[in-house]
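Only one structure is covered here, and it is reproduced in the block below.
The values are calculated or read from the model by the stated rules, or taken from the named source; none is laboratory data. Given the structure is predicted, the values throughout are model-derived calculations rather than measurements. Here Cβ is always computed from backbone atoms with ideal geometry, including for glycine, and neighbour counts include all displayed protein chains.
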Amino acid sequence: MPIIAPSLLASNFLQLASECDMLNKSAADWFHLDVMDGSFVPNISFGLPVIEQLRTATTKVCDVHLMIEHPEQYAEAFKKAGADILTVHYEACTHLHRNLQQIKSLGMKRGVALNPHTPVHLLADIIQDIDLVCIMSVNPGFGGQSFIPQTLEKIRTLKQLIIKHGANTLIEIDGGVTLENAKSILDAGADVLVAGNTVFKSADPIATIAALKAL
């Protein structure tokens, strides 16, 4: 069964309490929380105070995706805010191995995100130090974009890399996940589906989450 991680970036920010309540009642496994700084990506979302409040509203895993520069400066603060998984971007980390050591030392699961143009083989030397690889299947910064088809081949390549190195790394897909393409994403080797508009713009979000979970 896939792990379903609805992205609260697509939720109604005026109704965050009821959106959390809906996710708590649903089959969703994780809360996916996108943090954007307006520098690494051309958008600004939400940050520490919001995540701190969301943490009090759920016992589910808080999967925090940092689309920011210098993530090492904020790792400890995100741990205090309630992050269970902290994902940093390969492209934002000059010393990625050090970043991963820091995240582990703080007691969080270690995630690495790859932009669409970044090949997965660049993770070969550190794949055993990564708990989760988030493959961006759209260009990061904005929700509602279409899935990049080449991502499927990227998932297959990453899966082989994980198997080759005997790692336990999960593969998370973020961007353009729909009920129509989710099965092909999972068949390629993905473990975690991030879904934003597909869930929150649905007429029945709980049923949509259940349908994704059942794939």
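Once the stretch 3-19 is narrowed to residues that are of a type outside the set (A, V, I, L, M) and surrounded by 20 or more Cβ atoms within 10 Å (Cβ to Cβ), the residue that is nearest to Y74 (Cα to Cα) is S7.
If you go through the stretch 39-55 and keep only what is in a helix (DSSP H, G or I) and either surrounded by 20 or more Cβ atoms within 10 Å (Cβ to Cβ) or of a type outside the set (A, V, I, L, M, F, W, C) (or both), you end up with P49, I51, E52, Q53, L54, R55. On the stretch given as the stretch 68-100, residues that are assigned to a strand (DSSP E or B), of a type in the set (A, V, I, L, M, F, W, C) and under 19 Å from L122 (Cα atoms) total 1. The residues of the stretch 169-184 that are of a type in the set (G, A, S) and under 18 Å from K159 (Cα atoms), listed by number, are A182, S184. When the helices (runs of 4 or more DSSP H) confined to the stretch 138-215 are screened for residues that are surrounded by fewer than 16 Cβ atoms within 10 Å (Cβ to Cβ), those reaching at least 1 such residues are found at 151-164, 182-188, 205-213. In the stretch 1-50, of all residues being hydroxyl-bearing (S, T, Y) and over 15 Å from the mean Cα position of the chain (by Cα), the one that is nearest to L212 (Cα to Cα) corresponds to S26. Summed over the stretch 41-62, residues that are touching a strand residue (DSSP E or B) at 6+ places or on another chain (Cβ under 7 Å) and touching a residue at least 60 places away in the same chain (Cβ under 8 Å) total 2. Within the set C93, C134, the sole residue that is under 17 Å from A190 (Cα atoms) and modelled with pLDDT of 95 or more turns out to be C134. Every condition in (1) of a type in the set (A, V, I, L, M, F, W, C); (2) more than 12 Å from the chain's Cα centre (by Cα); (3) within 25 Å of F147 (Cβ to Cβ); (4) surrounded by 15 or more Cβ atoms within 10 Å (Cβ to Cβ) is met by A113 except one, and the failing one is (2).
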